[in-house]
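Visitor: The following block contains the structure, expressed as structure tokens.
The values are calculated or read from the model by the stated rules, or taken from the named source; none is laboratory data. The model shown is predicted, which means the values in this text are computed figures rather than measured ones. No Cβ is skipped: glycine too gets one built from the backbone with ideal geometry, and neighbour counts run over all protein chains shown.
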Amino acid sequence: MTASNASSQTLANDTLEAPAGDTVYTAVIPGLDDTDLKRYSLRSPASGDVIAEISDCGVAQARLAADNAQRGFEAWRKVSPFERAALLKAWHRAVIDAKELLALTMTREMGKPIKEARGEVDYAAGFLEWYAEQAKRIDGDILPSQHPDKRLSVLRQPVGPVLAITPWNFPAAMITRKVAPGLAAGCSVIVKPAEQTPITAILLARLWQQVGGPAEAFQVITAERPAEVSDLLMDDARIRKVTFTGSTPVGKHLYAKSAATMKRMSLELGGHAPFLVFDDADIDSAVAEVMASKFRNGGQTCVCANRIYVQRAIFDTFAERLAAAVDDLVVGEPESESTQVGPLVSQAGRDKAQSHIDDALASGAKRLTREHDVEGFFVAPTVLSGVTAGMRVMQEETFGPVAPLIVFDDEDEAVRQANDTPFGLAAYLWTRNLGRATRVSEALDYGIVGVNDGGPSTPQAPFGGVKDSGLGREGGRYGIDEYLDTKFVSTRLDR
Ligand code: NAD
């Protein structure tokens, strides 16, 4: 299929298919005339080949999406919560039914190993199911009054049209975690997906429409230059809320911009997660969970273990077992069923992770794992010991398959080092001492703490950070609050 073939383009837009060759994918904006719209080429991070052509929207399309979102909001807010719930449930079913297609699409777009991609579809669908149920539980309050003739009530109403800006590392789940509570609350949502993963977003919107979801309630605007689209929508006073997942510098920029139109903001930003292993821990289970936390998605998750602190008495044993497990990882083509670590998403991502390894080795760290014969965007999964505070790997989020090990002596030192960062998203601790588990989990300045648990994220729990890791929470009953305003109505009965 070619970008210039109009009939193929229509076919690609009307059907659900995984990207292959230069299939054309068009932004999902009712009324969009894409005849003269520019497109950008999407390349596979594994092969470098062009896998699709994507609408490259600008200010005109952003304005159209905002007009639609305003109309969409006026209509959608009047749909009963029970009907909204039924549509979200149907969408959940459709996403599960399209699991293979969505998984393969993510694998081709951003290099996530296919088995993990299937897991992400289940995780993403979990938000649709959970918020379908939650839509029926947006209730208010009746407050007691000093006056017999007054009635005081508290209503919870949708904030209005929402802009959701999402990253590439979880192309489906970062969308459903925002869109599901937004739609459940009665908001309309425009998603601006990452430029690397637009097709998953487009497919999710098509599935929404296939089950009868109103097109103006959920739109997808794709763009190679995100700032142009986002600047227009940030300046548009009709957009009442922005929910962003991505890097801290972009999050801060959007937060500053939001002041002009006083938008509600949710910001899920970068992490730099510490993973503390105390000497009374079950070492094998700690190693297994570091493997899952650190090497999932090639280390490209905001909650992944980024600094692994191990108490001195068990350091050598832990390091040896972790290095052996890492040496067993299968690095390869993401579409292969046996692959555990695929390529990183981009040249920039690869260069950053590799530079963290090179900088640590040049500053005296030791590589405990074998070297791989890798090229392109691949980075060899690596464990480093002899890591010290000044190395880049300790200062910045690596977003790659690199596990730096640091030795510590006591609990206070471990907590101090863990908290010594501007970030505060997720932290982990491994111990069999209940008192220590309680003390340390309370002392860690993080939004999420896993106690003997390397994978705490789940749709019904609050997800989010403190400090430079952001504002607000997604998931669970906390997540829907971000899309609701509280209105107080005082009624006098005697007038
Ligand atoms: P990024 O900030 O570059 O991009 C994220 C999104 O913002 C993309 O959609 C991108 O197109 C858009 N964007 C980029 N520049 C923009 C601008 N000037 N104006 C408006 N939008 C803009 O981040 P990334 O490198 O793609 O993603 C990785 C980052 O996301 C990491 O720091 C990671 O920790 C973070 N992340 C956080 C969470 C979380 O829940 N806290 C989850 C996943 C990823």
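Visitor: For the range 168-193, name all the residues that are without any contact (Cβ under 8 Å) to a residue 40 or more places away in the chain and either surrounded by fewer than 24 Cβ atoms within 10 Å (Cβ to Cβ) or part of a strand (DSSP E or B) (or both).
Guide: 191, the sole residue that qualifies.
Visitor: Limited to the range 484-495, what total is found for residues that are part of a loop (DSSP other than H, G, I, E, B) and either surrounded by 21 or more Cβ atoms within 10 Å (Cβ to Cβ) or at pLDDT 95 or above (or both)?
Guide: 1
Visitor: Within the range 321-342, can one find any residue that is within 16 Å of the ligand (Cβ to nearest atom) and either β-branched (Val, Ile, Thr) or assigned to a strand (DSSP E or B) (or both)?
Guide: The answer is no; no qualifying residue exists.
Visitor: Examine the range 462-483 for a residue that is more than 16 Å from the ligand (Cβ to nearest atom), outside any loop (DSSP other than H, G, I, E, B), in contact with a Phe, Trp or Tyr (Cβ under 9 Å, 6 or more places away or on another chain) and hydrophobic (A, V, I, L, M, F, W, C), and state whether such a residue exists. Before the answer, list the steps.
Guide: So the first thing to find is which residues in the range 462-483 are more than 16 Å from the ligand (Cβ to nearest atom), and the list is 477, 480-481, 483.
With outside any loop (DSSP other than H, G, I, E, B) added as a condition, the list becomes 477, 480-481.
Those still in the list that are in contact with a Phe, Trp or Tyr (Cβ under 9 Å, 6 or more places away or on another chain) too: 480.
Checking which are hydrophobic (A, V, I, L, M, F, W, C) leaves us with 480.
Yes: the range 462-483 contains one or more residues that are more than 16 Å from the ligand (Cβ to nearest atom), outside any loop (DSSP other than H, G, I, E, B), in contact with a Phe, Trp or Tyr (Cβ under 9 Å, 6 or more places away or on another chain) and hydrophobic (A, V, I, L, M, F, W, C).
Visitor: Another one. Scan the range 198-216 and give yes if some residue there is in a helix (DSSP H, G or I), surrounded by 18 or more Cβ atoms within 10 Å (Cβ to Cβ), in contact with a helix residue (DSSP H, G or I) (Cβ under 9 Å, 6 or more places away or on another chain) and among the polar types (S, T, N, Q), otherwise no.
Guide: Taking every residue of the range 198-216 in turn, at least one turns out to be in a helix (DSSP H, G or I), surrounded by 18 or more Cβ atoms within 10 Å (Cβ to Cβ), in contact with a helix residue (DSSP H, G or I) (Cβ under 9 Å, 6 or more places away or on another chain) and among the polar types (S, T, N, Q).
Visitor: Can you tell me which of (1) among the polar types (S, T, N, Q); (2) under 24 Å from residue 334 (Cβ atoms); (3) in a helix (DSSP H, G or I) is the one residue 258 doesn't meet?
Guide: Of the numbered conditions (1) among the polar types (S, T, N, Q); (2) under 24 Å from residue 334 (Cβ atoms); (3) in a helix (DSSP H, G or I), the odd one out for residue 258 is (2).
Visitor: I would also like to ask the following. Filter the range 27-55 down to the residues that are among the β-branched types (Val, Ile, Thr) and either at pLDDT 95 or above or in a strand (DSSP E or B) (or both) and list them by number.
Guide: Here is the first cut: in the range 27-55, the ones among the β-branched types (Val, Ile, Thr) are 28-29, 35, 50-51, 54.
Answer for the range 27-55, where residues must be among the β-branched types (Val, Ile, Thr) and either at pLDDT 95 or above or in a strand (DSSP E or B) (or both): 28, 29, 50, 51, 54.
Visitor: Please find, within the range 339-364, the residue that is surrounded by the most Cβ atoms within 10 Å (Cβ to Cβ) out of those that are hydrophobic (A, V, I, L, M, F, W, C) and farther than 18 Å from residue 296 by Cβ.
Guide: Ranking the qualifying residues of the range 339-364, first place goes to 360.
Visitor: Okay, next question. All but one of (1) touching a residue at least 12 places away in the same chain (Cβ under 8 Å); (2) in a helix (DSSP H, G or I) hold for residue 380, so report the exception by its number.
Guide: The single condition residue 380 does not satisfy is (2).
Visitor: Quick one: in the range 217-236, of everything that is crowded, with 22+ Cβ neighbours inside 10 Å and part of a loop (DSSP other than H, G, I, E, B), which residue is farthest from the ligand (Cβ to nearest atom)?
Guide: Per the criteria, the residue is 217.
Visitor: Within 16 Å of the ligand (Cβ to nearest atom), part of a strand (DSSP E or B) and surrounded by fewer than 21 Cβ atoms within 10 Å (Cβ to Cβ) - does that describe any residue in the range 400-408? Before the answer, list the steps.
Guide: Going through the range 400-408, the residues within 16 Å of the ligand (Cβ to nearest atom) turn out to be 400-402.
Checking the rest, the ones that are also part of a strand (DSSP E or B) come to 402.
Keeping just the survivors that are surrounded by fewer than 21 Cβ atoms within 10 Å (Cβ to Cβ) gives none.
No, the conditions are met nowhere in the range 400-408.
Visitor: Residue 239 is checked against (1) surrounded by fewer than 21 Cβ atoms within 10 Å (Cβ to Cβ); (2) part of a loop (DSSP other than H, G, I, E, B) and fails just one. What number does that condition carry?
Guide: (1)
Visitor: If you go through the range 134-167 one residue at a time, how many are surrounded by 13 or more Cβ atoms within 10 Å (Cβ to Cβ), part of a strand (DSSP E or B) and more than 16 Å from the ligand (Cβ to nearest atom)?
Guide: Summing the residues that are surrounded by 13 or more Cβ atoms within 10 Å (Cβ to Cβ), part of a strand (DSSP E or B) and more than 16 Å from the ligand (Cβ to nearest atom) in the range 134-167 gives 9.
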